[in-house]
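Participant: Take this structure, written in structure tokens, and hold onto it; I'll ask about it next.
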């Protein structure tokens, strides 16, 4: 690990830290020296993540909250401040695929649920985090996990609600990068392609064929959660000190052939 890729004495919040990209990032951030607030709505999963960090000699705080519930998230942020008294890094990673179906079959409540969790949930996390990062006056890093869908890929029939949230997260990142620049808070967005996680198992495909394996030119197979975590670590660290308002695709060039 390069000298600048450390997070020593930094406090990092990672949402969706119970599994997949969030868990891999929590473990890696802790290895890099961060004190990690691991948040998930599934208590058993996030407690396992926190325990793995502690067993490896790191500091971690397990937080259980629904990212789309303002009161639960506010309580989680209060616990971070009570425990460590500061916040430096946020990786807003949690989200859902929701229901993938043709627009005429997508119910309004299903549309609203995907928007609420993915987009409003990101808004809530950042709204609550920014004052705390500003408080210590030393800047910080915010990272949002978007997707190739809605940013480079538009060929997945049925993914309209999901893709709209992912496109909006990129717009939010760029808006906030300028808004928060005077406070030296960097804001960037990661756009993963096919990654080996369990999110597809939690996707409801209605009146559609389940998405087949995608073609990944670089490796021929999906990426790993750990590879995305490495990118998140870079963006969180001082190695990315002059990078803000930028989306980074991590997909082995998949989206260049899947876009249309």
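The values are calculated or read from the model by the stated rules, or taken from the named source; none is laboratory data. Quantities reported herein were computed from a predicted structural model and do not represent experimental measurements. Because the Cβ atoms are built from the backbone with ideal geometry, glycine has one as well, and the counts that use them run over all protein chains shown.
Participant: If residue 184 meets every condition in (1) farther than 28 Å from residue 109 by Cα; (2) without any contact (Cβ under 8 Å) to a residue 40 or more places away in the chain apart from one, which number is that one?
Facilitator: The single condition residue 184 does not satisfy is (2).
Participant: Taking residue 179 as meeting all but one of (1) touching a helix residue (DSSP H, G or I) at 6+ places or on another chain (Cβ under 7 Å); (2) over 20 Å from residue 39 (Cβ atoms); (3) at pLDDT 95 or above, write down the number of the exception.
Facilitator: For residue 179, the failing item is (1).
Participant: Of all the helices (runs of 4 or more DSSP H) wholly in region 1-112, which have at least 2 residues that are at pLDDT 95 or above and under 16 Å from residue 124 (Cβ atoms)? Outline the logic, then answer.
Facilitator: Numbers: elements: 20-31, 43-55, 70-84.
Fully inside region 1-112 and qualifying: 70-84.
Participant: Here is a follow-up. Hey, does region 82-89 have a residue that's farther than 26 Å from residue 195 by Cβ and surrounded by 23 or more Cβ atoms within 10 Å (Cβ to Cβ)?
Facilitator: Step one: filter region 82-89 for residues farther than 26 Å from residue 195 by Cβ, giving 82-87.
Narrowing the set further to residues that are surrounded by 23 or more Cβ atoms within 10 Å (Cβ to Cβ) leaves 87.
Scanning region 82-89 turns up at least one residue that is farther than 26 Å from residue 195 by Cβ and surrounded by 23 or more Cβ atoms within 10 Å (Cβ to Cβ).
Participant: Working only within region 11-34, note down all residues that are buried (at least 23 other Cβ atoms within 10 Å of the Cβ) and within 20 Å of residue 81 (Cα to Cα).
Facilitator: Those that are buried (at least 23 other Cβ atoms within 10 Å of the Cβ) and within 20 Å of residue 81 (Cα to Cα): 11, 12, 13, 14, 15, 16, 17, 26, 29, 30, 34.
Participant: Residues of region 68-81 being surrounded by fewer than 19 Cβ atoms within 10 Å (Cβ to Cβ) and in contact with a helix residue (DSSP H, G or I) (Cβ under 7 Å, 6 or more places away or on another chain), which ones?
Facilitator: Taking region 68-81 and keeping what is surrounded by fewer than 19 Cβ atoms within 10 Å (Cβ to Cβ), we get 69-72, 74-75, 78-79, 81.
If the condition is that a residue be surrounded by fewer than 19 Cβ atoms within 10 Å (Cβ to Cβ) and in contact with a helix residue (DSSP H, G or I) (Cβ under 7 Å, 6 or more places away or on another chain), then 70, 74, 81 are the ones that fit.
Participant: Might you check whether a residue that is touching a strand residue (DSSP E or B) at 6+ places or on another chain (Cβ under 6 Å) and crowded, with 19+ Cβ neighbours inside 10 Å occurs anywhere in region 103-119?
Facilitator: No, because not a single residue in region 103-119 is touching a strand residue (DSSP E or B) at 6+ places or on another chain (Cβ under 6 Å) and crowded, with 19+ Cβ neighbours inside 10 Å.
Participant: Taking only pairs six or more apart or across chains, which ones have beta-carbon atoms under 8 Å, a first residue in region 230-258 that is more than 14 Å from residue 148 (Cα to Cα), and a second residue that is modelled with pLDDT under 95 and not in a helix (DSSP H, G or I)?
Facilitator: So the pair list comes out as 237/6; 239/2.
Participant: Inspect region 152-162 for any residue being in contact with a helix residue (DSSP H, G or I) (Cβ under 9 Å, 6 or more places away or on another chain) and under 25 Å from residue 89 (Cβ atoms) and give the result as yes or no.
Facilitator: So far as region 152-162 goes, no, none of its residues is in contact with a helix residue (DSSP H, G or I) (Cβ under 9 Å, 6 or more places away or on another chain) and under 25 Å from residue 89 (Cβ atoms).
Residues checked against (1) out of contact with any helix residue (DSSP H, G or I) (no Cβ under 9 Å at 6 or more places or on another chain); (2) under 24 Å from residue 181 (Cβ atoms); (3) modelled with pLDDT under 95:
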| residue | (1), (2), (3) |
| --- | --- |
| 197 | no, no, yes |
| 201 | yes, no, yes |
| 206 | no, no, yes |
| 213 | yes, no, yes |
| 225 | no, no, no |
| 239 | no, yes, no |
